[in-house]
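The values are calculated or read from the model by the stated rules, or taken from the named source; none is laboratory data. Bear in mind that the values here come from a model prediction, so they are computed numbers and not experimental data. Note: ideal-geometry Cβ built from the backbone for every residue, glycine included; neighbour counts use all protein chains shown.
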Amino acid sequence: MSFFEVKDISKNFGGLMAVNGVSFEVERGEIFGLIGPNGSGKTTIFNLINHYFPLTGGDIFFKGKSIKGMKTYQICHLGIGRTFQVVKPLKRMTVLENVVASAFCRVNTLKEAQKLAMETLEFCNLLSAKDKSAASLPIAGRKRLEITRALATKPELLLLDETAAGLNTAELDEAIELIQKIRNRGVTIIIVEHIMKVIMSISNRIHAINYGQTIAEGTPEEVANDEEVIEAYLGESYA
């Protein structure tokens, strides 16, 4: 039994088949990369996992049980957290208050939520910014806050959607370090990322899609050398 499985899932928006028969399995403790060109269906797959969109077909299993049709908040309570490609912190609130709001997924009192939030901020190296307005953070800080908020829900599986986008070289290295630190804490990760330095350096396995369909899966080296992947990213003349 796989820790997490996406089985022949599809999503149709009117006449557009955004995801078409995608299947993959993720083992506990893995960092599993999901790649593909813009518009290939990566974020749509995340939205199907969290039931922001209902499935057109197929099924999704977490620890052997189907989560198809469950509410988004129920899926979070089960232990599946996520970040978003476009980060939207609660701008009128402080960094600490943002994380406290997420912590209430796991605890019932303000004291418990504050304790969990402080621990998570320290783990993510954001404790020094706890009293700052979330709106005042630079892009790297907002990305890190997004991860911190997701971690405060205490996920067993974390979906990271382009958490490295917009970061400079030093910030990329810090992002890689944090992702590896999260995995070492026992959290399984599925990551969507366009920056190959990130995805290739941290993933145990990679699943590549194009036009909503699987084109390759394997180790980073295998996928990087796959002709269909090269063609999808660089064009037929490079394959």
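Structural remarks
- Lone qualifier among 175, 150, 113, 101 - being within 16 Å of the chain's Cα centre (by Cα), assigned to a helix (DSSP H, G or I) and farther than 23 Å from residue 36 by Cα: 150
- Which listed residue is in a strand (DSSP E or B) and buried (at least 22 other Cβ atoms within 10 Å of the Cβ), from 58, 81, 21: 81
- Odd one out for residue 191 among (1) under 15 Å from residue 85 (Cα atoms); (2) modelled with pLDDT under 95: (2)
- Residue 221 being more than 18 Å from the chain's Cα centre (by Cα), among the charged types (D, E, K, R) and under 26 Å from residue 3 (Cα atoms): yes
- Selected residue [on the phi < 0 side of the Ramachandran plot, modelled with pLDDT of 95 or more and out of contact with any His (no Cβ under 8 Å at 6 or more places or on another chain)] from 154, 91, 132: 132
- The one condition in (1) over 30 Å from residue 197 (Cβ atoms); (2) buried (at least 21 other Cβ atoms within 10 Å of the Cβ) that residue 49 fails to fulfil: (1)
- Count of residues meeting criterion [part of a loop (DSSP other than H, G, I, E, B) and in contact with a strand residue (DSSP E or B) (Cβ under 9 Å, 6 or more places away or on another chain)] in the range 24-50: 10
- Qualifying position, being out of contact with any strand residue (DSSP E or B) (no Cβ under 8 Å at 6 or more places or on another chain), at pLDDT 95 or above and surrounded by fewer than 21 Cβ atoms within 10 Å (Cβ to Cβ), among 125, 168, 98: 125
- Taking the conditions (1) more than 19 Å from the chain's Cα centre (by Cα); (2) assigned to a helix (DSSP H, G or I); (3) not charged (D, E, K, R) in turn, residue 216 satisfies each one other than (2).
- For the range 13-46, a residue qualifies if it is among the polar types (S, T, N, Q) and in contact with a Lys or Arg (Cβ under 8 Å, 6 or more places away or on another chain), and the qualifying residues are 23, 44.
- Exactly one residue out of 69, 79, 166, 64 is at positive phi, touching a helix residue (DSSP H, G or I) at 6+ places or on another chain (Cβ under 6 Å) and either hydrophobic (A, V, I, L, M, F, W, C) or touching a residue at least 12 places away in the same chain (Cβ under 8 Å) (or both), and it is 166.
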